[in-house]
Amino acid sequence: MTKRIRQGAAIAVAGLLATATACAGQPSSPPGFAGRHLSAERDANGAGAGGAESARAFTLLASGDILPHSAIIDRAAADAGGGGYDFRPMLKGAAPAVSGADLAICHMETVYGQDGGPYTGYPSFKSPPEVATALRATGFDSCSTASNHSLDDGAQGIGRTLDALDRAGIAHAGSARSAEEASRPTLLTAGKGRNAAKVAHLAYTYGTNDIPLPAGQPWAVDLIDKDRILADARAARKAGADVVVVSLHWGTEWQDAPDDVQLGLGRELTASGAGDRPDIDLILGTHAHVPQAYEKVNGTWIVYGMGNQVAGAMVNHEGARDPRAHESSMGRFTFEPPAKPGQRWAVKKAEFIPQWFDIEAGRVVGLDPKAPAPAGDSGGRLREIRDRIQDVVLSRGAAQDGLAAGK
C-alpha cells in the first residue's frame, strides 16, 4: 500500500533541509525531524510572514499505543509472505482517517531491534524496524517515543528506533540520541507554504520500568515533570510554534477513568499561559491500555488515554485476558488560526474515532459511531464495543463541550 505525501509535509522537508544546511555549527540530520529549524520567516509574535489572516485551518489526528507483542510480530511475518515483516496490512483500516488529516501523530511504545532480529515481545520489547515503514505508509507524520519501554534495549535501542523513523520519514519526540537533539523541540508543518501552521510535538513518560537512564545520558528519555514540560512548551513557542502538542505516557493501567495524577497534572498544565494564549494547546495520553475520557480543561482538550491501536493479547491486574486491550479511539482536532498574530489557535472541531483491533485477523477495524452497525456484525458484538468506547470517551462531559463522533 502506498500513501500520498501531504503537500505540507513535502514543503516541510524541503524547507527544513535548506535551513539546516545554512546553520553553521548544526550537525547534519535528516530533514523534517526532531529539532529542525523553521524555514518560514516569522514576525515578533511567531506568526508567518503573511500574518495570521493568511493562515489556514488544519486537522491533527492522534492514535494510541503501537505495542507489538510476539503474536503481532508473527502476524507481520505471515503478512510478509516469508520475506521479513509487513505491518501495513494490520494498519490499513486506520489509513483513510490517518492519511486524511493534515498532521497525524502515533505513539511508538517499543524500541526496535537490529535488522534481522532477534525480536521480542513482552516483557522486554524489541520490535522489527519495519514497523516504521508501515507507520509512514499509513500516513503518520510524527510519533511519540517516550514510554516505560523506551529503555528495554538501552541507549542502542533508542538509537535504532530513531534511526529507523528517520529513514521512514517520520518525526519523533520523547527520546533522543544526543543532548543536542534532546534540547530542541520537534517542529512540524501543517499546511502549505507561508500559510502553514507550525506545530511543536513534545512527549514525556512517567518512568522507564525502573531501568535507569544510561550513564552520562540523562537526556535519553523525557520524563514527566510539570516545570520541565512547561519550560519546553514555552521554548517551543519561542522557536515559532503556533500550536504546542504534548504527548504524555501516564495513568493507571486497565483503569477506564483518569487517575488523580492525570487529573491534577492536566489541570496544572492547561492552566499555564500568557494572557489568553496557553502554553499547551492539546494533551494526548497513552499507556493505560484501555480507552479513557476526553475532557476540555481550562479551555484546552485533554485526551487522557487513547488505548492500544495495535497489541497482542494482554492480561490485566486480575490475571484475566482483557478484551479492552484491543479497543481504542483516535482523536481528531481541527485548529483554526487566530484573528490576530500572537493569539491562540483554537480548536473549532473536536472528534473521536472508535477503533477495534481484531486480534484473530491481525487488523485494525474502524467502528463508525454514526452507522447503524458495522458491516458483518450480525451478532452486534462490534456495536457493543463501539458503544462502550463512546461511553468511556464521553464520560467526563466532553459532548457538552462539542466533542462528536467522527469516521
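Every number in this text was worked out from the coordinates using simple rules, so none of it is lab data. Because the structure is a prediction, the values reported are computed rather than measured. Neighbour counts run over all protein chains shown; Cβ positions are idealised from the backbone, glycine included.
Please state the relative contact order of region 196-318 as a whole percent: Cα pairs under 8 Å, 6+ residues apart? If you can, show how the numbers build up before the last one.
Values: 221 pairs, mean separation 28.4, N = 123.
Relative CO of region 196-318 lands at 23 percent.
In terms of modelled amide H atoms, which long-range or inter-chain residues lie less than 5 Å from the amide H of Ala203?
Gly174, Ser247
In which sequence would Tyr304, Tyr85 go, from the one with the fewest C-beta neighbours within 10 Å to the one with the most? Intermediate results must be reported in sequence, preceding the final value.
Working: Tyr304 30, Tyr85 24.
With the sparsest Cβ surroundings first, the list reads Tyr85, Tyr304.
Mind checking which of Val261, Ala173, Ala239 is farthest towards the positive end of region 169-263's charge dipole, using Cβ charges of +1 (Lys, Arg) and -1 (Asp, Glu) about the Cα centre?
Toward the positive end, the furthest listed residue is Ala239.
Determine the dipole magnitude for region 109-155: charges of +1 sit on the beta-carbon of Lys and Arg, -1 on that of Asp and Glu, nothing else is charged, the reference point is the Cα centre, and the result goes in debye to the nearest 20. Could you put the intermediate results ahead of the total?
Working: 2 positive and 6 negative charges, 7 e Å.
Rounded to the nearest 20 debye, it is 40 debye.
If the limit is 31 Å between Cα atoms, which of Lys126/Lys238; Lys126/Lys296; Lys198/Lys407; Lys226/Lys349 go over it? If you can, show how the numbers build up before the last one.
Details: Lys126/Lys238 36 Å; Lys126/Lys296 36 Å; Lys198/Lys407 26 Å; Lys226/Lys349 27 Å.
In this structure, Lys126/Lys238; Lys126/Lys296 exceed 31 Å between Cα atoms.
Considering only DSSP beta bridges with both partners in region 40-405, what is the antiparallel share in %, to the nearest 5?
Numbers: 36 of 70 bridges.
About 50 percent, rounded to the nearest 5.
Using a simple charge model, +1 on the beta-carbon of Lys and Arg, -1 on the beta-carbon of Asp and Glu, nothing else, what dipole does region 40-405 show about its Cα centre, in debye to the nearest 20? Kindly include the intermediate steps, with their values, before the conclusion.
Numbers: 36 positive and 46 negative charges, 218 e Å.
Approximately 1040 debye in magnitude.
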